Amino acid sequence: MGFPKDFVWGAASSAYQVEGAQKEGGKGDSVWNMFARIPGAIADGSNGDLGCDHYHHLEEDVALMAQMGLKAYRFSIDWSRVLPEGTGRVNEEGVDFYVRLVDLLLEHGIEPYVTLYHWELPLALHRRGGWLNPEIADWFGDYAALISERLSSRVKSFFTVNEPQCFIGLGYVSGEHAPGLRVSLEDGLQAAHNVLRAHGRAVQQLRLHAKQPLTIGYAPTCGVIYPETERPEDIEAAKSLYFGIPEDTSRWFWNVSWWSDPVFFGAYPEEGLRRFHGFMPRITKEDMRLISEPIDMYGQNIYNGMAVRAGEDGKPLFVPRYPGFPATDTGWPVTPEALRWGPRFLYERYGKPIYITENGAACADAVSADGRIHDQARIDFLAAYLAQLKKACSEADVRGYFQWSVMDNFEWAQGFAKRFGLAYVDYRDGRRILKDSAFWYRDLIQSGGESL
Ligand code: FCB
């Protein structure tokens, strides 16, 4: 058995990483506009002001996606572009931009998958406490209502938030991402609870204002813990860590279950409640009902993982990586097994159709003398990962895959130095060049995954 016939083959991006035009079209500022200006915040001193200038290359970029043979495109809406103050006044020019994008995609037979929040918190809301303020559930709900009202006649699939682990963990706890805060465990847990409530409110509002039945999902992330072998004890060892809560409370947010058990089970995991005892926010039954508002699909961004085996006493042991272990240009390990065991474990625990909402590799791409980009390393990476995902398809209900990313872009705190795209972007003049991997992916899509 291979990939299902109607498997969704796509690629992804996010607003701030590609759009540019940060001071145009009536857009308000987001926390990233503020953060990227702090000296030292971005490794190469850059910011997303120009991004890939996708805002002005819309037709060309959608045509590129069509050339890649994409069946679907996952993009995010910049909250501060449509609601410059975060609430209240609608910026019609901003809404029109996304309406135009959706129209272009549909004209090219590409199915839009919209993410409501890929980290562009309006600065005006940050000044009112941002994710630390419980009122954000209502602000986010109102924003979701607007998007559903305006887009759901043509868009069927929505994700609420992307990678809460990152925008809370890196944004509010370690300070590496916008808004660059370093809050206490107590405040971090409050922010996380607010995110989950906001997710639930958005699910309700998306449905309430929908013009057709919608498929609604959530797109968290986490390194996968996978078994070194298929021995049942190794599989159990891997699962126990994958769904466990880290002992190191400074890294509390790097886990699966704290962010997903409440959404699917309506309850926080016991292990976490024990570990965080004394630091938890006030939680009501209504909160948990709101958070667990039923959803239709489970998105997961998966880039890598760690192998685990059961030790002699049955306790899980990490398998050390050998010197020179393969890594991508961001230094992330190449562990294709993550794309088999991750979906399998997630489906087994939560029972919802799985979409891999992001997966890909940064490579040191350069334009060769022949004018092309021979990114064999990316092709090898994708081929190895997708071969594992193919296995997962016979073990779990996996419905789609979105390569990260449709084009090179602003890689957050790493700036423009790291290239993840299927299309190369020359930042001097905005020129796009399809990389070899884009043609490889096109052929793979055409074969329904059979050419692997
Ligand atoms: C993920 C983000 C995405 C991109 C990739 C490389 O954490 O969701 O925006 O930066 O990593």
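The values are calculated or read from the model by the stated rules, or taken from the named source; none is laboratory data. Just so it is clear, the structure is predicted and the values come from calculations on it, not from any experiment. Quick reminder, even Gly has a Cβ in these numbers, built from the backbone with ideal geometry, and neighbours come from all protein chains shown. What goes into the accessible areas is simple: the full protein's heavy atoms, side chains included, and nothing from ligands, DNA or RNA. Shrake-Rupley method; radii C 1.70, N 1.55, O 1.52, S 1.80 Å.
Quick one: which residues, 5 or more positions from Thr115 or on another chain, have an amide H under 5 Å from its amide H? H modelled 1.01 Å from N in the peptide plane, none for Pro or chain starts.
Phe75, Ser76, Ile77, Phe159
Only helices at least 18 Å long along their own axis, judged from Cα atoms, and with Kyte-Doolittle mean hydropathy of 0.0 or greater: name those in the chain from DSSP H.
92-107, 136-151, 376-393
So what's the gap between the Cα centers of region 354-416 and region 183-211, to the nearest angstrom?
29 Å
Are any of the pairs Lys5/Lys71; Lys390/Lys435; Lys71/Lys156; Lys156/Lys390; Lys239/Lys315; Lys211/Lys352 more than 19 Å apart by Cα-Cα distance, and if so, which?
Table pairs above 19 Å Cα-Cα are Lys390/Lys435; Lys156/Lys390; Lys211/Lys352.
At 1.4 Å probe radius, can you tell me the per residue accessible area of region 8-446 in Å²?
36 Å²
Taking only Cα atoms of region 315-405, what ratio of Rg to Rh do you get with Rh as the Kirkwood inverse-distance radius?
Rounded to two decimals, Rg over Rh is 1.05.
Can you figure out the FRET efficiency of Ser153 with Glu286, using R₀ = 25 Å and their beta-carbon distance, to the nearest 0.05?
Efficiency, from the Cβ-Cβ distance: 0.20.
Taking Cα pairs under 8 Å and at least six residues apart, what relative contact order does the chain come out at, in percent?
18 percent.
What percent does the relative contact order of region 259-377 come to when contacts are Cα pairs within less than 8 Å and at least six residues apart?
Averaging sequence separation for qualifying contacts and normalising by length gives 25 percent for region 259-377.
Mind putting a number on the dipole of the chain about its Cα centre? Charges go on the C-beta only, +1 for Lys and Arg and -1 for Asp and Glu, and I need it in Debye to the nearest 20.
Its charge dipole is roughly 540 debye.
Hey, can you rank 336-348, 293-305 by average C-beta count inside 10 Å, highest first?
In descending order of packing, they fall as 336-348, 293-305.
Just the number, please: carbon plus sulfur as a percent of the accessible area of the chain, 1.4 Å probe, no ligands or DNA/RNA counted.
About 50 percent, which is the carbon plus sulfur part of the accessible surface.
Grab the eigenvalues of the alpha-carbon gyration tensor for the chain, scale each by 5, take roots, and send me the semi-axes largest first in whole angstrom.
That gives 30, 29, 22 Å for the three semi-axes.
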